[in-house]
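First the structure, in the form of structure tokens, and then the observations on it.
The values are calculated or read from the model by the stated rules, or taken from the named source; none is laboratory data. Computed from a prediction, not measured in an experiment: that's the story for all the values here. Neighbour counts run over all protein chains shown; Cβ positions are idealised from the backbone, glycine included.
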Amino acid sequence: MEAKWGILVMMAIVMLMVDTSNGDSSTPTLVKTVKGKKVCDKGWECKGWSQYCCNLTISDYFQTYQFENLFSKRNTPVAHAVGFWDYRSFITAAAVYQPHGFGTTGNKTSQMKEVAAFLGHVGSKTSCGYGVATGGPLAWGLCYNKEMSPSQSYCDDSYKYTYPCSPGAEYYGRGALPIYWNYNYGAAGEALKVDLLNHPEYIEQNATLAFQAAIWRWMTPIKKSQPSAHDIFVGNWKPTKNDTLANRTPGFGTTMNVLYGDGVCGQGDVDSMNNIVSHYQNYLDLLGVGREEAGPHEVLTCAEQKAFNPSSPTASS
């Protein structure tokens, strides 16, 4: 009986062993095989038995000093969200999505590129940098956490049966990838299990929630028939014939298309598009990956792409 018990213990140890093969990780990795596939759990940052948790997690290759380098001016006195954004909030938010591949897909370079790409969008959308700003215009990401002078309350009454506007609530832009309109707050709130429809102000009060909402948008298709920005970027998406005819190809450029449509894409080399691209390239340099890893112009931009979701009924899809 003791011999059999010893064998069972040894089998359990093999089944749930500590994997140190990645070398760079300070977090012990639990490993097991499910249906012939290796899956892992790395504790709080990558929890839930996922193949992606067998790779490096974001804190293994993106650390506090790098976050500070990317967003070096966010806490200067002239910034508009001093003390709000921080590294821990980003990692805590990312922990929810790392088991699903956010920043954990592919090799180390691929993982770093995705984090740089996501934060490139974030930096450009929350920047108060300008041409002669101290440190350069690309050093001012995470300057804002909300729209400073909303032009409207962003209540679309056509969603009154699904995402009705809450009395007194205003759905102006908030967050790391700013959310606008009641229907977007409603959808994000459902996904994150937070009542953002009645309390959109939560986004500007909690940095972890603000990052979570942004990563949710990066990881989630806007429409079921379309890819997420994540799937486009990491190569999970395979373009259809219509996508190819519309010049939509896997890469950073098409992440702009699926997130912003013809507000940025299909207009040639406009400043709004180039600003996002410049943030991405700059962050690749700051992370030591190098902007040459961003790919050629046709992959990096969406200048000639037709929008996934045209803003006018006359535009072609």
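Tabulated values for the structure
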{"item": "Residue match in segment 170-182 (condition: over 27 Å from P150 (Cα atoms) and buried (at least 21 other Cβ atoms within 10 Å of the Cβ))", "result": "no"}
{"item": "Hits in segment 210-231 - residues which are surrounded by fewer than 23 Cβ atoms within 10 Å (Cβ to Cβ) and either of a type in the set (V, I, T) or in the same structural domain as C155 (by TED's automatic domain parsing) (or both)", "result": "T220, I222"}
{"item": "Hits in segment 98-113 (condition: touching a Ser or Thr at 6+ places or on another chain (Cβ under 9 Å) and surrounded by fewer than 24 Cβ atoms within 10 Å (Cβ to Cβ))", "result": "P99, H100, G101"}
{"item": "Filter result for the condition that a residue is farther than 19 Å from P178 by Cβ and out of contact with any Asp or Glu (no Cβ under 7 Å at 6 or more places or on another chain), over N247, N236", "result": "N236"}
{"item": "Tally, over segment 48-83, of residues that are at pLDDT below 95 and under 19 Å from the mean Cα position of the chain (by Cα)", "result": "0"}
{"item": "Index of the failed condition, K38 passing every other in (1) at pLDDT 95 or above; (2) under 28 Å from Y283 (Cβ atoms)", "result": "(2)"}
{"item": "Residues located in segment 153-176, provided they are within 24 Å of A207 (Cα to Cα) and polar (S, T, N, Q)", "result": "S153, S166"}
{"item": "Q205 more than 18 Å from S89 (Cβ to Cβ) and surrounded by fewer than 21 Cβ atoms within 10 Å (Cβ to Cβ)", "result": "no"}
{"item": "Identity of the residue in segment 33-55, within 14 Å of G101 (Cα to Cα) and hydroxyl-bearing (S, T, Y), that ends up surrounded by the most Cβ atoms within 10 Å (Cβ to Cβ)", "result": "Y52"}
{"item": "Hits in segment 257-283 - residues which are among the hydrophobic types (A, V, I, L, M, F, W, C) and within 13 Å of A294 (Cβ to Cβ)", "result": "I276, V277"}
{"item": "Single match in E190, E170 (criterion: acidic (D, E) and closer than 25 Å to H80 by Cα)", "result": "E170"}
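Okay, residues lined up against (1) in contact with a Pro (Cβ under 8 Å, 6 or more places away or on another chain); (2) acidic (D, E); (3) at pLDDT below 95:
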site	(1), (2), (3)
W85	no, no, no
S89	no, no, no
H100	no, no, no
G129	yes, no, yes
G135	no, no, yes
A139	no, no, no
N145	no, no, no
